Amino acid sequence: MKIDGLHIKDTFNKELPADPIEQGTERKVTGACFSFIDPTVPANPSLIHASEEVAQLIGLDPKVLGSEEFLQVFSGASILDGTRPYAMCYGGHQFGNWAGQLGDGRAINLAEVEHENKSWALQLKGAGKTPYSRNADGLAVLRSSIREHLCSEAMHHLGVPTSRSLSLMLTGNKVMRDVMYDGNPAMEQGAVVCRVAESFIRFGSFEILLSNQDVDTLKKLADFTLKHHFPELPLTPQGYGAMFKEVCRRSLEMVIHWQRVGFVHGVMNTDNMSILGHTIDYGPYGWLEGYDLTWTPNTTDSQHRRYRYGKQPEMVFWNLHKLANALYPLVNDAKPFEEALEEYGNDYLVKYKTMKLEKLGITGEEEGDNELIVELEKVLQGSETDMTLFYRGLADYQVGQKLDEDNAFFSTMLEAFYEPSECTGALLLKWRNWFELYDARLVKEDSSDQERKARMNKVNPKYVLRNYMAQLAIDEAEKGDYSVVEELYELLKSPYNEQENKSKWYAKRPEWARNKVGCSMLSCSS
Ligand code: AMP
Ligand code: MG
């Protein structure tokens with residue numbers, strides 16, 4: 001099959017060692033970075049939604065999105081001429097423990113394409129079994145696929161480095177899942193998403209080779225990564241060290257963005273960490289509603305909360321250590337790794353602070369800024385306070401308002417509190433103190449209220465993909481109505497803009513969603 005506009009330029013499956021067994025079933029794969037495997041042909045594919053923007057990014061005319069060829073190729077029914085689909089081999093540390101070989105158990109790379117001097121890997125998720133399926137079915141369900149499709153695009157428009165999503169399709173197959181792992185399996189609709197990224201190489205892609213003591217293939221993969229994704233760096237031990245440093249820098253940038261917008265990944269295992277510092281593998285992720293450093297959406301992690309919101313930067317750091325171990329045999333010197341990790345720690349402090357100040361509309365740096373940030377963290381957690389509404393509402397603050405006698409400004413802020421009645425007495429006093437600090441600090445800024453508001457509204461989104469919003473889209477989609485998927489996709493294209501007639505999406509999570517599966521509790525079942 002051919003699709004006009006796609007310029008195939010495969011490199012990963014041409015330049016790196018392949019598993020000699022083709023179209024094989026589950027097994028341990030050694031000496032290879034991937035296995036050739038074709039997608040399973042779906043029973044009756046149909047398109048739910050496709051992104052015109054991502055289509056254009058990879059060179060496709062949006063008109064192609066409705067074509068039979070598009071449906072065939074991006075559902076996995078037909079293979080593009082001149083391509084050889086494959087599943088990538090990787091391992092990973094899951095929840096702190098080495099889990100051995102994982103690999104693409106249900107993701108199949110179709111091809112790499114080139115457009116406007118950029119290369120993109122196209123990958124179907126939910127396209128059937130691979131050698132890495134480990135007794136699972138290789139499939140994905142509609143709910144998790146909607147969540148991945150919408151969130152990838154929402155994150156991109158929020159300015160967070162991320163994989164993109166080209167298309168969301170039903171396969172026409174039924175898939176059995178036990179959503180809460182409580183012995184209640186049910187049939188669900190199967191779906192497939194086409195994810196797009198410059199590369200899907202993960203920290204775990206290197207770790208598996210170290211674990212197999214396969215330094216030869218490790219070097220090949222590192223050289224491939226340098227050549228295609230860090231072309232400014234040499235293929236030398238210095239180059240590998242410099243690459244690690246750059247991965248540290250990019251991963252830090254990514255996680256600072258997560259903290260800024262209130263995104264909680266949920267499963268930050270090393271197999272889910274992109275070597276390019278992009279957000280990948282959208283599973284049981286969630287968005288902070290009440291500002292709570294201890295929150296995680298992932299019920300599988302509810303006991304230890306390893307991947308809770310407030311821990312994410314530290315978990316990236318932990319993962320980077322594992323990557324450093326994997327790359328070490330190529331450098332045989334710990335120094336560049338130690339230096340890069342130390343730099344991560346130092347840069348984190350600086351960048352986190354800058355990000356927090358930007359959210360408050362503060363550009364410079366003054367003594368006392370740390371106190372302003374720390375006190376806000378405390379008081380925000382004094383009662384359940386919606387992160388998105390709080391920061392967006394704060395942009396309307398005018399210097400001199402403080403918390404005046406009639407609390408005129410604060411009464412508008414009450415919208416951000418889940419129990420406004422709690423915001424009295426000692427807590428109100430704390431807020432009053434914080435606003436005193438804030439006001440005094442803003443006086444030192446050389447800009448008007450209007451200018452500050454404009455700045456703040458560029459870093460504090462008005463619309464994010466709240467968990468219950470995705471669930472509403474899913475509930476309708478499961479009944480065959482994709483209008484909410486479409487509406488949220490459009491809404492989240494402009495998350496920082498005021499949008500007419502969209503105020504219902506700028507609101508706290510409704511109470512019915514507080515303890516509902518899919519809204520506050522998500523499992524890895526997908
Ligand atoms: P995840 O937690 O989604 O990142 O997945 C961890 C590993 O399990 C990866 O190797 C996935 O490809 C694999 N996996 C997850 N779900 C399935 C499935 N339904 N079939 C096969 N492999 C899966
Ligand atoms: Mg994964």
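Some points to look at:
- In region 65-88, the residues that are in contact with a strand residue (DSSP E or B) (Cβ under 6 Å, 6 or more places away or on another chain), more than 10 Å from ligand 1 (Cβ to nearest atom), hydrophobic (A, V, I, L, M, F, W, C) and not in a helix (DSSP H, G or I): 80
- Residue 151 falls short of the stated requirement of being within 11 Å of ligand 1 (Cβ to nearest atom), under 27 Å from residue 225 (Cα atoms) and crowded, with 18+ Cβ neighbours inside 10 Å.
- No other residue among 221, 233 is open to solvent by 10 Å² or more (accessible area, probe 1.4 Å) and touching a helix residue (DSSP H, G or I) at 6+ places or on another chain (Cβ under 9 Å) apart from 233.
- Per-region count, region 275-286, residues more than 10 Å from ligand 1 (Cβ to nearest atom) and surrounded by fewer than 24 Cβ atoms within 10 Å (Cβ to Cβ): 3
- Among (1) of a type in the set (S, T, N, Q); (2) within 15 Å of ligand 2 (Cβ to nearest atom); (3) open to solvent by 10 Å² or more (accessible area, probe 1.4 Å) - the single one residue 109 does not satisfy: (3)
- Of the residues making up region 155-194, those that are closer than 13 Å to residue 76 by Cβ and basic (Lys, Arg) number 0.
- Selection of region 130-148 for residues being open to solvent by 10 Å² or more (accessible area, probe 1.4 Å) and either of a type in the set (Gly, Ala, Ser) or away from ligand 2 (no atom under 16 Å from the Cβ) (or both) yields 135, 136, 143, 144.
The values are calculated or read from the model by the stated rules, or taken from the named source; none is laboratory data. Here the structure is a predicted model, which means the values were calculated and not measured. FYI the Cβ positions are ideal-geometry reconstructions off the backbone, even for glycines, and counts take in every protein chain you see. For accessibility, only protein heavy atoms count, side chains too; no ligands or nucleic acids. Shrake-Rupley method; radii C 1.70, N 1.55, O 1.52, S 1.80 Å.
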